[in-house]
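The values are calculated or read from the model by the stated rules, or taken from the named source; none is laboratory data. Owing to the predicted nature of the structure, the values given are computational and were not obtained by experimental measurement. Here Cβ is always computed from backbone atoms with ideal geometry, including for glycine, and neighbour counts include all displayed protein chains.
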């Protein structure tokens, strides 16, 4: 139930030796590698190393089927081919891109080039809710916004597959990502018998991303075990945990900003 990934910070915030040692450690122990790339750091990388970030990563060997990057909105078309040829994955995080006013990646062009693109949230500081269902709809709408200039966009169902099958591929997992015999029973269910979803049930494959269902699900199952049902996490005192979390947040804010938070 645990998967360890070696993930040095973005290249402009780490020494090259950090990446090289992370790479050697991960390959020695058969672990996957991850970092953030193509999110505005290329000018600094050009100034520092004389090359763009992907070329730098390729030179030190930080690419391959065991590597995936987050973001990638700065990737160029010729770099799509490098990503595809090396089998390096990309996790698209729409919320940070929209919140920061950054470009929205061209998923159709990346797909055509042979890249594996999955879906993510990024950290809570750049998406505010870590809600993958929200990211699913946001990604679909953002791709649709560019459909005229790009000659099309992924369907809502295609975006759902990016979040499920694509995510499993990115993580190198063949036991999750879809509901099939021999795979883990990882799934969630929604209550479709509600007035807001009336008139949408004839097209269930496109419902989540197109209509949008970003609230609380009815049930979540992990490995065949129900972990969330009827609004509650099974076997966990949510009120107690929420109180502790809020206290920790307040203490941190007071220590950082004593004049504002008292």
inquiry  = Are there helices (runs of 4 or more DSSP H) fully within the range 39-92 with at least 2 residues that are in contact (Cβ under 8 Å) with a residue 40 or more places away in the chain and touching a helix residue (DSSP H, G or I) at 6+ places or on another chain (Cβ under 7 Å)? List them.
reply    = 53-60
remark   = Expected single match for modelled with pLDDT under 95 and either closer than 25 Å to residue 189 by Cβ or more than 13 Å from the chain's Cα centre (by Cα) (or both) among 160, 136, 141, 99 is 99
request  = Considering only the range 102-132, state which residues are in contact with a strand residue (DSSP E or B) (Cβ under 6 Å, 6 or more places away or on another chain) and assigned to a helix (DSSP H, G or I).
outcome  = 107, 110
Number of the condition not met by residue 171 [criteria: (1) surrounded by 12 or more Cβ atoms within 10 Å (Cβ to Cβ); (2) free of Cβ contacts under 8 Å to residues at least 40 places away in the same chain; (3) out of contact with any helix residue (DSSP H, G or I) (no Cβ under 8 Å at 6 or more places or on another chain)] = (2)
ask   = Do the conditions hold for residue 74, that is, is it surrounded by 13 or more Cβ atoms within 10 Å (Cβ to Cβ) and either modelled with pLDDT under 95 or touching a strand residue (DSSP E or B) at 6+ places or on another chain (Cβ under 7 Å) (or both)?
value = no
Residues that are more than 13 Å from residue 92 (Cβ to Cβ) and in a helix (DSSP H, G or I), drawn from the range 142-158 = 144, 145, 147, 148, 149, 150, 156, 157
inquiry  = Going through 114, 64, 50 one at a time, which residue ends up being modelled with pLDDT of 95 or more, over 29 Å from residue 134 (Cβ atoms), surrounded by fewer than 23 Cβ atoms within 10 Å (Cβ to Cβ) and under 20 Å from the mean Cα position of the chain (by Cα)?
reply    = 64
